[in-house]
Each structure stands twice: as C-alpha cells, then as structure tokens.
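All remarks here apply to the structure that follows.
Laboratory data are not the source of any read-out in this text; all were calculated from the coordinates shown. None of the values given here were measured: they were computed from a predicted structure. Ideal geometry is used to build each Cβ from the backbone, glycine not excepted, and the neighbour counts take in all protein chains shown.
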Amino acid sequence: MYSQFFGNYLLSKQAVTTDQLVHAIQEQHTKHLRLGTLAMHAGLLTALQVDNVVIRQTHEDRLFGEIAIEEGLLTEEQVEELLNTQTPDYLLIGQTLVDDGVFTNTDLDKYIKSYQKENEISQLESDKEQQENLDALVRNLFLITLENVPEYVLQYLNLLFNNLLRFIGEDFTPLNPSIVSEFVTGRCSSQVVKGDFQLTSYFDMTEDAAVAFASRYVNDSFTEYDEYVQASVEDFLNLHNGLFNVNISNNNSEVSLQLDPPVSMDNTMISCSTETILLPIIYPFGIINLLISISESENSVLPETKNLNSLESLNNLEALMNDLEKMS
Amino acid sequence: MKLEDAKILIGDDSILARKQLKDIILSIGGTHFLEASNGQEAIDLYAANSPDIVFLDIVMPVVDGNGAIAEIMKNDPAADIVVVSSIGTQLQLKQAIQLGAKDFVQKPLNRNQIESILKTRFEGR
C-alpha cells in the first residue's frame, strides 16, 4: 500500500517531475512486474546484473529467468519463489519510471532502499505497523512543505487516505501540499465540519474525473457528468467527514462536531480567509484537488490522541448504534 | 395496510440517496413515493399528503431533519418517522429520537434493515 507515498518520495528527492510521475501512474496499469525488478528488490541480483541479463535478452529471445539460471545468478527455486511472492506495489511505479527512461535500475534500487530506510518500512508488517507507517508517511509528506499543521488535519488526511484505499482504490499518489490563498474550481463539492474547530474541505476535479470517481465509489458505470455523479462525490465527502467526526469524538469526549450538508462549489473562485491547504491527489483517471480550510475557536479542545483507522471507527460506531438501539 | 398502498415520503438532499432507498423499497413492494430534497419540503409534503411512513435524512439544507421531525410531530403526534442517518451524526441522531423518531437506519443502507422496518408496519404482497 505504499506506492502512494513512494511516488511522493521520488518527487521530494527531485528524482522525477510531477509530469513524469503522472504519466507513469497512468501507464503502470498496462504493465506487469518483471522478474529482474523482483530479484533486485529481493536483494538476489544487483542492478548491474539485471541490466546485463536484459542486454542478453536483446540478443536472444529467451525468458529472463532462463538466462539468469543459466548464468548461475539465480536458482530455479529462487525464480519460482520470486514469481510467487507478494511484492510491494511501489515496485511497479518504479519500474515504469525506469522504462520511461526517467532513471536507471541502479537509481531505482537506491531510491527503494532509502525510501524503506527513511520510513522504516520492512517487508513483513502487521496491520498495526502499516497503520503506524501510514501515520509517519502522512507526517513526512507535510514536513516537506508546511510547518505547524494541526494534529487533527493530519488525522483527517490519514483517514482520507484510508477511505480512498477502501472505497476508491489504492492507485493514487498524493502530490506535495501547499498553502493557497485562492483557488478556481471545476466540479467541486464542499462540506463544513464544525464544533470546537471548524474545517471546510473541498473536493475539486474535472467532470471526467468525477464520472470515474463516482463509478468506482458506487460500483456503477456512469458515462457522463450528471446529478447522480455529483451526489456520489458528495456522498463520499459526507461519509468521510462523518467517520472523521466519529474518530474525533471517540478520541476526545470533550469535542463535539457537527456536519453541514455538502454544497456544490462548481466553477467558483474560492478566496481563502483562513489558512487553506491544497493537496492534489493523482489517480489514473485524473487529479482530485483537496482543499482544507481550518479555523479554530479560542477555547478549542484539540485532540491529541491516537489515530483510529476507519475499521476501528466502524466498530466503535457499532457500539454506539447498539446504545441508540436501546434508546429507541 | 398493504405496503403497495402505503404512501412513503423520502426526505434526503442527495438524489443518489433517495434513488438508492427508493430502489430498495420498490424491490420489497412499495409503490407510492413522495420525495423531498430538504426539511421544509418534507414538512410541506407531509402536511399535504399525510404519508404512512417517512424516511428522513438528518443533515439537510433549509430545514434539517430534526427541524422537520419537530414540526411534523407537532402537527401529527402519530407520525411514523424513520431517521436515515449518515455516519458521524450521532449527536443529531440522539436528538432525533428524543424528538419522536420511531426508528433509524444507518447509511450505507442495508436492504434487510429496510425490509424489517417495513414488515413490522405493513402487510407484504
């Protein structure tokens, strides 16, 4: 699940441009991981060895595995094992960038190792470890460009990435966040979460991206932008903000938040009077521009507690529903 | 009363949510629908049509679900209102039940839940 952040890591290291990354993300679905990439990732072959086998493949039409076995680089068992192991999906984006000539196998090897090391990602992880890593990745994402991001904004994004993974698909990459003072929307839905602090989020995308987003979200196949597509995007925003409220109030009973209905902000110039973060998120079908405006009331009680993942919040919600069941 | 004869009022600002609920109720046997896209429309449609059951979203523009429940219950204390709540609106949901809502369902909607709510109130086909 770390492909989302590997792309962002490459951006932060200036190993790729945004355009190169977007292109590779859109292209990667047509590709499969190759044995050479897998062997390099497993530490069985060096980048140079992989390149040499690939060069030999240009002279004779044979499989990578056959050549590697013949040259004594890999055993048959190793090849078998590589083909059957689960691999991190960020390898594919890396391999696509190598294919596009953005960098070499040697570079890829180096970036993967430093990415894993800097983010303490190991090959085998429990769900809990994955969650903790996601927390760290979200934090790093913001440290690059912003200072003093409130804790609840990080929680908000953490939950958003989880919800995108669960409801839309894992093939997204967040670009670097920035602070904006105004923004011109295309198709845009917005919702206010208010209470001890106020957070307004905007989901902005093109019509085509909205059609694809809605199709994935409600498992339907919309063909053109209409009121159902718009309602689907609003429904996702409403669900996500609702889960955020549940998380916040589970973490801190002092804080109570309410939701306003989602509203359409199509083709509008949003002028931001309070601090507003712009975070573009790339999917193969298009870019979602997420804007978050925050303002705090003076006596705000800000949550400084553990992050719940969305599954935990759903469980907590069930308990709440049982209580309500008894009331009604 | 038979479900096919029942007047069913659905109040939700999302056209998608109204369609999803309507599709479920249609598949169970309901046929007469009234649709409101905000709390005020729900109040007005209730007054004009006296529906047999009302499904109401909480978070709605103009007048929210709880505002509508209060007004409908004031005019008709026997009103049968089921709250359809989104996740994260628990405070408002508690309030809705205190205001007189008889039942609630949680989005995303579950066909079985809707069916059991309708079965306790109406005869099937």
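Site pair residue A:99 and residue A:13 shows an inter-label distance of 2.1 nm when each label is modelled 7 Å from Cα along Cα→Cβ.
Within a straight-line Cα-Cα reach of under 18 Å, residue B:102 can be paired with the following lysines, leaving aside sequence neighbours fewer than 8 residues apart in one chain: A:326, B:7, B:74, B:94, B:119.
Listed by chain and number, the lysines whose C-alpha is less than 29 Å from the C-alpha of residue A:31, apart from same-chain residues fewer than 8 away, are A:13, A:110, A:113, A:117. Taking other residues whose beta carbon is less than 14 angstrom from the beta carbon of residue B:77, and scoring Lys, Arg as +1 and Asp, Glu as -1, yields -1. Label positions at residue B:31 and residue A:57, each projected 7 Å from the Cα along the C-beta direction, are separated by 6.5 nm. Mean residue ellipticity at 222 nm, helices only, the protein assembly as shown: -15000 deg cm²/dmol; runs of at least 4 DSSP H residues each add -39,500 (n - 2.57), and the sum is divided by the number of residues. Here the label points at residue A:113 and residue A:264, each 7 Å from Cα along the C-beta direction, are separated by 5.5 nm in the simple model.
Starting from the Cα of residue B:78, step 7 Å toward the Cβ, then list every residue of segment B:4-19 with an amide N under 17 Å from that point. Inside the label zone: B:6-8.
Charges were assigned to the Cβ only: +1 to each Lys and Arg, -1 to each Asp and Glu. The resulting dipole of the protein assembly as shown about its Cα centre is roughly 800 debye. Each of A:30, A:173, A:18 was scored by other Cβ atoms within 10 Å of its Cβ. Listed from fewest to most, they are A:30, A:18, A:173. What does the C-alpha gyration tensor say about the overall shape of segment B:3-119? Classify as rounded when a/c is under 1.5, otherwise prolate if a/b is larger than b/c, or oblate. Verdict is rounded for segment B:3-119. With the biggest extent put first, the Cα atoms of the protein assembly as shown measure 86, 56, 40 Å across the principal axes. Amide H contacts of residue B:84: B:56, B:57, B:58, B:105, each under 5 Å away and 5 or more positions distant or on a separate chain (H built 1.01 Å from N in the peptide plane; Pro and chain starts excluded).
Working note: Karplus 6.51/-1.76/1.60 with θ = phi - 60° gives segment A:58-75 the couplings 6, 9, 9, 7, 9, 6, 3, x, 4, 5, 4, 5, 4, 7, x, 7, 10, 8 Hz, where Gly and Pro are set to x. Within segment A:242-283, name every residue whose backbone N is under 14 Å away from a label modeled 7 Å from Cα of residue A:148 along the Cβ vector. Of the residues in segment A:242-283, A:275-276 have backbone N under 14 Å from the label point off residue A:148. Restriction of the GluC sites (Glu not before Pro) in segment A:160-217 to DSSP coil positions whose beta-carbon has at most 16 other beta-carbons within 10 angstrom yields A:170. Taking 13 Å as the straight-line reach from the Cα of residue B:107, the aspartates and glutamates in range (excluding those fewer than 8 positions away in the same chain) are A:235, A:318, B:12, B:57.
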